[in-house]
Amino acid sequence: MQENASNDTDHGFGGLGFLIGTKASRQMIGSFRGITGSLQILAAVVAGAVLAVMPTASAGAKPFPTRVQVTAKEFWYALSSRSVKSGPAVIEFVNFGEDPHDMRVQKVGGGKVYGTPIVQPGDHYDLNVTLAPGRYQLWCSISNHRQLGMEATLIVKPRK
Ligand SMILES: [Cu+2]
């Protein structure tokens, strides 16, 4: 009986030690969060400084891709802008319609045909392309959608 009692006491101390340990680690987590927070602010400040330097530092670096959005619905295409600069571009194809659609992109006069997979209603797809200066035809390749009006022209101007 005596031994059992002392064992209980040990357990009790063990439990107390555990509680203290938990408290201590909570405080550590708390102060760690504080450090992480300051680091995030520091990172944001550094990122801001880098962005501010970018225009001069990016000379000769790979250019940022141009972005243009193509909205599709039954049965038309609408472009966020009629022209873009040449070079790397992301054509974001957004299906606002009720049927599945896709997009094909080809330079007028021939060349590589870029294409998205079939995009479901409410979905979108980022098509990465490299555009040379010229005129490009965009169209939906599903059924007779192109004939119904799902096409557009994108003008690509030389990048200075
Ligand atoms: Cu279509």
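The values are calculated or read from the model by the stated rules, or taken from the named source; none is laboratory data. This is a predicted model, so every value here is computed, not measured. Note: ideal-geometry Cβ built from the backbone for every residue, glycine included; neighbour counts use all protein chains shown.
Listed here are the residues, each with its yes/no results for (1) among the aliphatic types (A, V, I, L, M); (2) under 14 Å from V68 (Cβ atoms); (3) more than 19 Å from the chain's Cα centre (by Cα); (4) away from the ligand (no atom under 16 Å from the Cβ).
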position: R82; (1), (2), (3), (4): no, yes, yes, yes
position: S86; (1), (2), (3), (4): no, yes, yes, yes
position: D102; (1), (2), (3), (4): no, no, yes, no
position: V105; (1), (2), (3), (4): yes, yes, yes, no
position: I118; (1), (2), (3), (4): yes, no, yes, no
position: C140; (1), (2), (3), (4): no, no, yes, no
position: N144; (1), (2), (3), (4): no, no, yes, no
position: K157; (1), (2), (3), (4): no, yes, yes, yes
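Among the residues of segment 93-108, write down those that are in a strand (DSSP E or B) and touching a Ser or Thr at 6+ places or on another chain (Cβ under 8 Å). Hits for segment 93-108 are F93, V94, R104.
If you go through segment 62-80 and keep only what is within 16 Å of the ligand (Cβ to nearest atom) and in a strand (DSSP E or B), you end up with V70, T71, A72, K73, W76, Y77, A78, L79.
For segment 115-132, a residue qualifies if it is acidic (D, E) and in a strand (DSSP E or B), and exactly one does: D126.
A Cβ distance below 8 Å, combined with a sequence gap of six or more or placement on separate chains, defines the contacts here; from segment 89-117, residues that are on the phi > 0 side of the Ramachandran plot reach residues that are modelled with pLDDT of 95 or more and assigned to a strand (DSSP E or B) in the pairs G109/G134.
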